[in-house]
There are 2 protein chains.
Amino acid sequence: MPSTTVNQDLQHEREKCSFKNEDFTVWWIGGEAKLKEKRSREKFFLSEPEFFDKVPLHFVSHKEVYEESVRKSTVIFRKVKQMQEQGKDGVDNYMALLGGLLGSGIIKEGNPLAVHFVMFLPALMGHGTPEQQAEWIGRAWNCEIIGTYAQTELGHGTFIRGLETTATYDERTKEIVLNSPTLSSYKWWPGGLGHTANYCVVIAQLYSKGKNHGIHPFIVQLRDEETHMPMPGITIGEIGNKLGMNGVNNGFLGFKNVRIPRGNMLMKNAKLLEDGTFVKPPSSVLTYGTMMFVRVVIVRDMANYLSKAVTIATRYSCVRRQSVINPDQPEVQVIDHLTQQYKLFPAIAKSIIFKLTSDNLWDMYNQVTSELDKGDLERLPELHAIACCLKAVSTADAAQAVETCRLACGGHGYMTCSNLFGTYGMVTAACTYEGDNTVLLLQTARYLLKVWTQAQKGQELVPTVQYLKKFLSSNQRQTWDDSVPGIIAALQTVAAGKLRLANDHIEQRKRAGCTPEEAVNLTSIELARTADAHCRAFLVQSGYEMIEKSCKTAPPELARALRDIYELYAYDEAMKAVGDLLRFTTISESDISRLQQKLEGALAAIRPNAVGIVDSFDIPDMVLGSALGAYDGNVYERLFEEAKKSPLNQEPVNKSFHLYLKPFMKSNL
Amino acid sequence: MPSTTVNQDLQHEREKCSFKNEDFTVWWIGGEAKLKEKRSREKFFLSEPEFFDKVPLHFVSHKEVYEESVRKSTVIFRKVKQMQEQGKDGVDNYMALLGGLLGSGIIKEGNPLAVHFVMFLPALMGHGTPEQQAEWIGRAWNCEIIGTYAQTELGHGTFIRGLETTATYDERTKEIVLNSPTLSSYKWWPGGLGHTANYCVVIAQLYSKGKNHGIHPFIVQLRDEETHMPMPGITIGEIGNKLGMNGVNNGFLGFKNVRIPRGNMLMKNAKLLEDGTFVKPPSSVLTYGTMMFVRVVIVRDMANYLSKAVTIATRYSCVRRQSVINPDQPEVQVIDHLTQQYKLFPAIAKSIIFKLTSDNLWDMYNQVTSELDKGDLERLPELHAIACCLKAVSTADAAQAVETCRLACGGHGYMTCSNLFGTYGMVTAACTYEGDNTVLLLQTARYLLKVWTQAQKGQELVPTVQYLKKFLSSNQRQTWDDSVPGIIAALQTVAAGKLRLANDHIEQRKRAGCTPEEAVNLTSIELARTADAHCRAFLVQSGYEMIEKSCKTAPPELARALRDIYELYAYDEAMKAVGDLLRFTTISESDISRLQQKLEGALAAIRPNAVGIVDSFDIPDMVLGSALGAYDGNVYERLFEEAKKSPLNQEPVNKSFHLYLKPFMKSNL
C-alpha cells in the first residue's frame, strides 16, 4: 500500500488556504445536519468489504463487469434497507446512491437496478390509477419484482411521436396485444432491461377500434418470476458494450403477439374502456413535472461529477512538478503554470455554479408546481425553456471541463485508474439522454421566439426573459461596464441581440417563400446559439444571486473565497463571449485588456485556495476512485500499485510469447 | 448477416453526387498507381481470416485484448514479408499498417510491435555509429529481437531534461551501470515495453568521472532471448488499462545496477571514450529532423482518423430519420436538420484540409532538410514553430470533431460498435504524446516573440511570418472583405494583433519587476491563443494553396466540390474568429450576417455531395469497423447483429440472477 504520509507539496497547499474547510463543506452540503448524515452514510457504505474489487473491473470482461455490478447493487439496496430499519432517512440515501457521487464510487460502471427506482417506480406512481398503484407499487418497492422503463427504440429516441411499437386492443378477449412491427421498433437502451428486470413499463402506440390514440404506458411481464426465463413472445437481451456505464445492462426488447390484460395499461390520465372506447386525458400538462425533475437532477449530477474531476486534477497538479519557470530554480508544481490554472479553476467555478443553479431551478420548480396545483400554468413554459437549455449547457460544459481536466493530467490522465475518463463516460452520456442537447436548445429557442413576439407587442414578460423589455426599449448599444451587474446586463443584451437577428432571419426566409418550419430549420444554427446565450446569461445571473445569498451568512473568509470563484466564472464567460460583446455592447479594446487582467487576477486569487476548495468538496478517496486524486497525494506510489494489479503482471512471461512471438522471431532467422 | 441490399436513402444520396467518386479517390490517395496499390494491399490484408474476431474484443478482458493484439501483429508482419518477397513496396506497407487506417482496422487497440518499427529501429539508425548499426539493425529489422524506446518516466514526460534514470560509467570494468534512483524515475509508457520487447533504447542521464553529461541513448537487453524472462536487475511490467490503445502494451521499467558494455551507448553524436572522457556532439540540430517527421505523420493521422469518423457519422445521418420539419410530411433524414450539417460538414472539411497541410508540411520539411545538408539552418526554427502548433491544433480540433461526430449519432454513437469512441481514443492520445499541446503552442509563441522583435527592427522575415511585416507597416485596421484572400489576410492580422498585445503585456510585466520568464508565464494564456491564431491563419492559407493546386488538374465537377469544401472551412474558421475579426479588422454587423449566410450557403452546396465525399475517402467497412458507418447503410440490422455477439446474450438467464438477484428479490418478501 502507498505510504500514509501526505505529499509535502499538497500539505503545504493545505496550509495556505484562507478559509476553514469545514465552513465550506457545511455550506456545500447544505448544513451541519446534512453533512453529518452524509459522512455517516459514507462510513456505513464505504467500509463494506463486499464493495472492494479484488481485481479492478477495468481489467475484466464485459460480462464480468455486469455480474459484479448486479452483485454490488443487491448489496447496496440491502444496506439501504438496513439503514431504513435503523430509522435513517431513505430518500437521501436513494439520491446519494442512485444519482449521486456515492453510488458512482461503489459501482463505477452504473447500477443495473437504478432504472427500477428512478423510472419504473415513478412511472407507476405518475401514470397508474390508485387501484393500479395498490396492485404494483408494494411489490416493486420491496423489489419482489424488478422493473424498467422502455420508451426509446432502435429507430427513435428524442422524437417520441415516431415510436413504432404497437399495443392493439382485442375487444373479444379484453386484452391488449403488443407487437414490434419492424426491426427499428425494437426497444433499445432501457437500463436493466437486458438480463436484470422481469417487468417493464412499455411505451407503445395504442390502437383500438382501428384507430390510433398516440403513445401510452403499459405494464408488461418480461421474465418468469421463478426461472427468469423470457416470457412467450418476448425477445430480449443486452445491447452490447458502450463507452461507459457497462454495469447498467441496457437492453433490447421485441414483442410478438404479447397479450396483457386491459388493466395493464396505466390509466391515471388517458383511459381505455372495456368496449375499446378511448378516453382522452383532461390535460397533458402534468407530464412536464417528471421531465423537469429529471433535468434538475441532471444539472446537479453534472456539478457533482465535475467536482470529482477537478478534485483529481487539482491535487495532481500540485503534486506533479514539471519544467522550470525561472531557469536556475527547481521544477515548479504544474499548477503554477498559468495555462494550467486556466484549465482547472474555471472548471472548479463551473462545478459550484452548476450546483447552485440546480438548487435555484429546484426552487423555481417547487414554486411553479405549487402554482400549478392552484391551476396557474403561466410560468410552466418559462420553466420548461430554462430547464431545457440548462440541461444542454451544463452537460456540454461539464463534459468539456472533465476532458480538460483529463488532458491537464497529461499521459497519466489517459490511464483508466485516473478515473477521469470514467467520469467523462458518465457526463458525456448526459449530453444525449433525456433529450439530445441540440434539440433541447432549439426547444428553448422556440420559446424565446414566442416571447420575442410578446415583448414586441409590449406584453408583460416572465422573470427569466424580462431583459428583452429593456433591450427593446433602448435604441443604443448596452454600455459596457465590467462590474458583475454590468457583465450580467451585457450577456443579457447579447442573448436579446441574437434573438432579434434570428427572428429577423426567420422572417426574411418566410418572405422568401419558406414555410415557418423550414425557416426555423434554416435559421437553426443561429437559434441554437441564441438559446445558449440566453442560458449563459441566466447562469451568470443566477450564480450571482445564489453566491450573494450564501455570502450573507458565510464567515468573511469563506465569503471572500466564494466571490473570487464567482468572479472567475463571470469573467471567463464574458471573455468567451467577447466577440458577441463587441457586437452588442460598447466594449472597447482597452476594456478587453482590462477584462483579461481581471480574469488573470481571479486565477491568482484562487491559486492559494485551490486545494482547500477541492478538499472542501469532501469527496472520499473511494468515491474519487483515482490514483491521481487521493487525499494523500501519493500519486506515483498509487499509479504503481494500480499497475501491479493488472492480471498481465501476475506472471513474468505472458503465454503470447510462446504461442505467437517466439515462433515469429525465430521464423525470420 | 445483414441483408446485402443498400439502404434506399443512402442509394439516393449516391445518385445525387455531382462528381465522379473515382476522380476524388484518385486525387485523395495520390494518383492511380497509389490507389491501385492501396486496394491490392487492402484486399490482401482484409481477406485474412486470422484477423476476424470470433468475439469482438470490446467484450473480452484486458489481458485477452493484449494476447489477441500480439497474435494479430505477428500475422501482420509475416504478411508484410510475404508482400516484400513478391516485390511489393515495403515502406508504404509499413506506413499503412503502423500509423495508417489499415492498421487501425486490423488491430483497433493498437499494435504492440509498432514502437519497434516506429521508434526502436529509427533510434538505432539515427543515433548509432556505423559499427553499432551493423551490429544491431540486421537483427532488429528481421525481428530476431524486438525493441522499444524508453524515454518518458513516471515523473517526467514533456520536460526531458528532468529525466532521472542514471547511466554511470564504471572505468574499472568499462561498463555503464543503469539505475532507477527513485520511484518517479521508473520508465513509464513506452509501447511494447510491458511483455513484448526484449531489447530497449533507454534514455538516461550519463555520468562519468563524477560529472553529469546530460541525457543519452543506451541499448539495454530487457529479457532473455530464449525464455523471455526479465534480465537480472530489471523490474518490468505493463502499466495497466487505458482509455484506448490497450493492445499497445505500454510498460514500466526499473533498473537496479544493470550493467551494459560501454559500446551499448549509441554514439553517432556524443561519445564516451574508454577512459571516461565525454566528447560533445558537433551540433544538436540534427535531432530536430525525427521530431519534425513524427509531427508530419501525426497531422496526417488526424486527417485519416477524422475521415473515418465523418464517414461513419455522415452515412448514419442519411439513414437515420428523426423528427419532422414540415408538420404534415414524413420524418426527415437527420442530415436535413441544418444543425446536423453544421456538425458534420466542417469536420469533413477539416479532415481534407489537415491532409493537405500535412502534405504541405512534408514538402517544407524536405526543402528544409535539403537546405540543412548544405549547412543552411535558417528555416529550421520556422519549420519547428509551425510543426509544433500544427500538431497541437490538428490534434485538438480532430479530437473535438470526432466527439462531435459521435454526439451527432445520438445514443447509438455511445455504443462501442459505432467505433466512434475507439477513434476518439486514438485521436485524443495524440493531444498528449509527442509534446503536450499547451507546451507546443507556447513553443510556437516563443518563436513568434523572437520574430516580432526582428520584424520591429525591420529585418527580413521567413515566409510563414511574412504577414507581420504588412501588419507593422499599416497603421489602420485590416479592411474586411469576405473573399478567400480577404479572409486569409484578416486571420493573419488577428494573429499579428494578438502577438503585439501579448508582447506589450510581457514588456509591461518586465517593467513591473518580473523576470522575463515569469513575464512569459503570466502572459501564457494570451501567448497560447496567439500561437493558435497563427496556426489557423496558416491552415486557411495553406489549405487554399493546396486546393487551388489540386483544382488545376481536377475535372471541373471535382474542382467545384473541392472549392465548396474549402470555402466552408474558411467561412467556419472566420465565423469562429468573429470576435477577433471585430477587434482587428473593419468587419461590421452586416458583414457578419453576410458571412453567416455564406457559411450556410456552403453547407447547402456540400449537402448533395456529402455521401459522395465520404465514399470517396475509400475506407473499407472492416477499417471503419462500425455498425453505423458501413457502406450498405443497414444500420439497425448491424447494430442488432453486434448486440447478438455479446457473451451475455449467449444464454437467456445470466448466472447473476441465481447468485444475487433472486435471493435479493425473495429476501424482501
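Readers should treat all values here as calculations from the given coordinates under stated rules, not as data from a laboratory. Predicted, not measured: the structure shown is a model, and the values here were computed from it. Note that we place each Cβ from the backbone using ideal geometry, even for glycine, and neighbour counts take in every protein chain shown.
General observations
- Stokes-Einstein diffusion coefficient of segment B:99-142, Kirkwood radius over Cα pairs, 25 °C, 0.890 mPa s, in µm²/s: 211
- Based on C-alpha pairs under 8 angstrom that are at least 6 apart in sequence, segment B:147-281 has a relative contact order of 27 percent.
- Its Cα gyration tensor gives segment A:147-281 an equivalent ellipsoid, and the semi-axes of that ellipsoid, as √(5λ) in whole Å with the largest first, are 25, 16, 12.
- Each copy carries residue A:211; placing its label point 7 Å along the C-beta direction from Cα gives inter-copy distances of 9.9 nm, listed from smallest up.
- Cα point-scatterer Debye curve for segment A:495-546, base-10 log of I(q)/I(0) at q = 0.29 Å⁻¹: -0.99
- Spatial separation of Cα centroids for segment A:140-165 and segment B:341-404, in angstrom: 47
- Taking the Cα centre of segment B:147-281 as reference, the dipole from Cβ charges on Lys and Arg (+1) and Asp and Glu (-1) amounts to some 420 debye.
- Sparsely packed loop sites in segment A:147-237 (the trypsin sites (Lys or Arg not before Pro) outside DSSP H, G, I, E and B with at most 10 other Cβ atoms within 10 Å) comprise A:172.
- Local electrostatic count, residue B:533, Cβ distance below 14 Å [Lys/Arg +1, Asp/Glu -1]: +1
- Net charge in the neighbourhood of residue B:664 (other residues with Cβ under 11 Å of its Cβ; Lys, Arg +1, Asp, Glu -1) is +4.
- Here the label points at residue A:159 and residue A:593, each 7 Å from Cα along the C-beta direction, are separated by 5.3 nm in the simple model.
- For a paramagnetic label modelled on residue A:85 (point 7 Å from Cα along Cα→Cβ), amide N atoms under 17 Å away belong, within segment A:123-152, to A:142-144.
- Cα-based convex hull volume of chain B per residue, rounded to whole Å³: 229
- Fewest neighbouring Cβ atoms within 10 Å first, the residues B:572, A:373 line up as A:373, B:572.
- Förster-model FRET efficiency, 22 Å R0, residue A:557 and residue A:12, C-beta, rounded to 0.05: 0.70
- For chain A, the 222 nm mean residue ellipticity estimated from helices alone, with every DSSP H stretch of n ≥ 4 adding -39500 (n - 2.57) and the total spread over all residues, rounds to -18000 deg cm²/dmol.
- Over segment B:284-668, the hull volume per residue, using the convex hull of the C-alpha atoms, is 237 Å³.
- q = 0.26, 0.28 Å⁻¹: log10 I(q)/I(0) that the Debye formula gives for segment A:597-652, counting C-alpha atoms only: -1.00, -1.05
- The alpha-carbon of residue A:450 sits under 12 angstrom from the alpha-carbons of these aspartates and glutamates, leaving out residues fewer than 8 places away in its chain: A:382.
- Remark on segment A:427-537: Rg and Dmax equal 14.9, 45 Å (Cα only).
- If R0 is taken as 30 Å, the Cβ-Cβ distance between residue B:5 and residue A:212 corresponds to a FRET efficiency of 0.50.
- Ranked from shortest, the separations from the 7 Å Cα-to-Cβ label point of residue A:16 to its equivalents in the other copies are 5.7 nm.
- Size of the protein assembly as shown: Rg and Dmax of its alpha carbons, in Å, are 31.1, 105.
- Taking 4 °C and 1.567 mPa s as conditions, segment B:1-80 diffuses translationally at an estimated 80 µm²/s according to Stokes-Einstein applied to its Kirkwood radius (Cα pairs).
- The protein assembly as shown - share of DSSP beta bridges that are antiparallel (%, nearest 5): 80
- Take residue B:474, move 7 Å from Cα toward the beta carbon, and the resulting point lies 3.3 nm from the same point in each other copy, nearest first.
- Taking the number of Cβ atoms within 10 Å of each Cβ as an exposure proxy, the fewest-first ranking of B:268, A:38, B:498, A:391 is B:268, A:38, B:498, A:391.
- 10 Å-binned pair-distance histogram of segment B:76-149 (Cα, whole percent): 19, 48, 30, 4
- Taken along its three principal axes, the alpha carbon spread of segment B:51-204 comes to 54, 39, 25 Å, from the longest extent down to the shortest.
- GluC sites (Glu not before Pro) restricted to segment B:349-426 and DSSP loop, no more than 12 other C-beta within 10 Å: B:378
- Closest approach of a chain B beta carbon to the axis mapping chain B onto chain A (residue, whole Å): B:579, 1.
- Cα centroid separation - segment A:455-482 against segment B:39-100, whole Å: 63
- Exposure proxy shown here: for B:136, A:362, the number of other Cβ atoms within 10 Å sets the order, fewest to most, as A:362, B:136.
- Computed extension length for residue A:256-residue A:280: 5.9 nm, one decimal, from 0.36 nm per residue of separation with the Cα-Cα distance subtracted.
- Pairs from A:343/B:576; B:72/B:187; B:174/B:268 whose Cα-Cα separation, in the structure shown, is over 23 Å: B:72/B:187
- Within the shell defined by Cβ-Cβ distances under 15 Å, the residues around residue B:414 carry a net charge of -3, with Lys and Arg each +1 and Asp and Glu each -1.
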